[in-house]
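Worksheet: one structure, shown below.
Just so you know, all these numbers are worked out from the coordinates, no wet-lab data involved. These numbers come from a predicted model, not from an experiment. For neighbour counting, all protein chains shown are included, and Cβ atoms are generated from backbone atoms with ideal geometry for every residue, glycine included.
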Amino acid sequence: MATAISGVSSASTTTVKGWATADIAATTSAEMSALTSAQVAVMTTAQVVAINTQSIASLSTATVSSLSVSQVYSLITSQIAALGTDQFSKLTTAQLAAMSTLQVKAIETDDLAAITTAQITALTTAQMAVLTTAQVVALSTKQVSKMTTAQLAAMSTLQVKAIETDDLVAITTAQITALTTAQVAVLTTGQVSNLTTAQVATLTTAQVAAMTTAQVVSLSTDQVAALKTAQLAALTTAQVAKMETDDVAAITTAQITGLTTAQVAALTTAQVVALGSKQVSKLTTAQVAAFTTAQLVKMETEDLAAITTAQITALTTAQIVALTTAQLSNLTTAQVSYLTTAQVAAMTTAQVVSLSTDQVMSLTTAIGGDDHGASRQNGDR
């Protein structure tokens, strides 16, 4: 029959070595709380495991922190769960790193939230990967911001989705780039929309391409404006087509040139309408030529009037034919004068009739051999 141990505080290390596991288990927490670091040092792992949960919770922080790595590893999950926040906060990094994945999963959320940033970084990638979503939610902003890139990359998609927005916003740009494409793809729209512009600007092109259309829609105008040209070019045509018109309008003139011709062709008519005159005027000739006729007829007349003469000559004959009479009549005389002979020949009678006298004069001059589009088309320049 087990007999509770008495006089723990005065027991010699030799006496401690002789304690039976059944007697240790029967000893009250009041007695065991007096256990010293020196006494713990001579206990076997079997003796440590025999300490009941009430007693383990009563041990001083100094005693707990003196447990050997093998003793910590031997603790059963109920003992891990019984440890208090003060005890956990005093565990050494070596002790934490020695815990099994089962032990880590048994850590109470309050206890996990109490560990220091130094302790957080000591957790192995295997340990990080088994944290429950409740444990992930319990992590503080400081803890998350101090996680290593390897630890972040080791987290499952379910864990990443569980990171609170305030915590995600606090992670560094180095941590952002460490996220896998699979992790990026599962971020909630709430998480994505709360990322800082600095974090968004740090996303790799692979991460940007991995974003869902819902995530792209959730981006704010400031976030879109923060994207680099390479990032913008990395968006799929499906992603581009889902961008909100306000976001399209927020694209800077520097960014607009980074769009691929496939992306330009994927813009919805509503997105084309949202483009500003400054944006349109900065499009490359290849981008201008990539517009579908359906897109071009929806372009605002003032935007079309803002395009350069080089862009005018880049328009295909099919695009010229698609222009509305309102669009054509709003072209400047300089733009009209740069139309190529092929473009002029493609115009419908309705389009020709819509031209103003000044436009016709500039067109006549061009056809007559001035230094503009038609004459260049004939090889004079």
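Which FRET efficiency value, to the nearest 0.05, is calculated for Thr309 and Val273 with the Förster distance at 35 angstrom and r the Cβ-Cβ distance?
Working: r = 23 Å, r/R0 = 0.67.
E between Thr309 and Val273, to the nearest 0.05, is 0.90.
Distance between Cα centroids, the stretch 22-67 to the stretch 181-258: provide it in whole Å.
Comparing the Cα centres of the stretch 22-67 and the stretch 181-258, I get a distance of 55 Å.
What relative contact order, as a whole-number percentage, does the stretch 272-319 give when Cα pairs under 8 Å and 6 or more residues apart are counted?
54 percent
Net charge within 13 Å of Thr172 by Cβ-Cβ distance, Lys/Arg positive one each and Asp/Glu negative one each, not counting Thr172 itself? Write down the numbers at each step before the final one.
Working: positive: Lys142, Lys146; negative: Asp167.
Taking every other residue near Thr172 into account, the sum is +1.
Just name one of Leu219, Thr268, Leu59: the one whose Cα is farthest towards the positive end of the charge dipole of the chain (beta-carbon charges, Lys/Arg +1, Asp/Glu -1).
Looking along the dipole axis, the top candidate is Leu59.
Take the cross-link list Lys161/Lys278; Lys161/Lys282; Lys17/Lys90; Lys142/Lys242; Lys242/Lys298; Lys105/Lys228 and give me the ones stretching past 29 Å between alpha-carbons.
Numbers: Lys161/Lys278 39 Å; Lys161/Lys282 39 Å; Lys17/Lys90 25 Å; Lys142/Lys242 35 Å; Lys242/Lys298 18 Å; Lys105/Lys228 40 Å.
Table pairs above 29 Å Cα-Cα are Lys161/Lys278; Lys161/Lys282; Lys142/Lys242; Lys105/Lys228.
With charges only on Cβ, +1 for K and R and -1 for D and E, what is the dipole size of the chain about its Cα centre, in debye, rounded to 20? Present the calculation step by step, with values, prior to reporting the outcome.
Values: 13 positive and 20 negative charges, 140 e Å.
Dipole size: approximately 680 debye.
First measure r as the distance between the Cβ atoms of Ser29 and Leu158, then evaluate 1/(1 + (r/R0)^6) with R0 = 30 Å and state the FRET efficiency to the nearest 0.05.
Working: r = 37 Å, r/R0 = 1.24.
Between Ser29 and Leu158 the formula returns 0.20.
Using each residue's phi in the stretch 281-293, evaluate 6.51 cos²θ - 1.76 cosθ + 1.60 at θ = phi - 60° and report the 3J(HN,Hα) Karplus result to the nearest Hz, with x for Gly and Pro.
5, 9, 5, 6, 4, 5, 5, 4, 5, 7, 4, 6, 5
For the stretch 345-354, just list the computed ³J(HN,Hα) in residue order, Karplus coefficients 6.51, -1.76 and 1.60, θ = phi - 60°, integers in Hz, with x standing in for Gly and Pro.
Once rounded to whole Hz, the list reads 5, 7, 5, 7, 4, 5, 5, 5, 4, 6.
Can you give the helix-only mean residue ellipticity at 222 nm for the chain, where every DSSP H stretch with n ≥ 4 adds -39500 (n - 2.57) and the sum goes over all residues, rounded to the nearest 500 deg cm²/dmol? Mind dumping the intermediate values first?
Numbers: 45 runs with 253 residues, N = 381.
Calculated from helices alone, the mean residue ellipticity at 222 nm is -14000 deg cm²/dmol.
Over the alpha-carbon set of the chain, work out the extent along each principal axis and list the three values in angstrom, largest first.
The Cα atoms of the chain stretch 116, 31, 22 Å along the principal axes, largest first.
What is the sum of charges around Asn194, taking Lys and Arg as +1, Asp and Glu as -1, for the other residues whose C-beta is under 13 Å from the C-beta of Asn194? All intermediate terms of the calculation are to be shown ahead of the outcome.
Values: positive: none; negative: Glu164, Asp166, Asp167, Asp222.
Taking every other residue near Asn194 into account, the sum is -4.
So, in nm, how far is label Asp358 from label Thr181 when the simple model puts each one 7 Å beyond its Cα toward the Cβ?
Taking the two extended label points, one gets 5.3 nm.
Along Cα→Cβ, 7 Å out, is where each label goes; now give me the distance between the ones at Thr165 and Thr205 in nm to one decimal.
Going by the 7 Å Cα→Cβ label model, 3.1 nm.
Can you give the log10 of the normalised intensity I(q)/I(0) at q = 0.13, 0.24 Å⁻¹, computed with Debye over equal Cα scatterers of the stretch 1-83?
Treating every Cα as an identical point scatterer, log10 I(q)/I(0) equals -0.32, -1.28.
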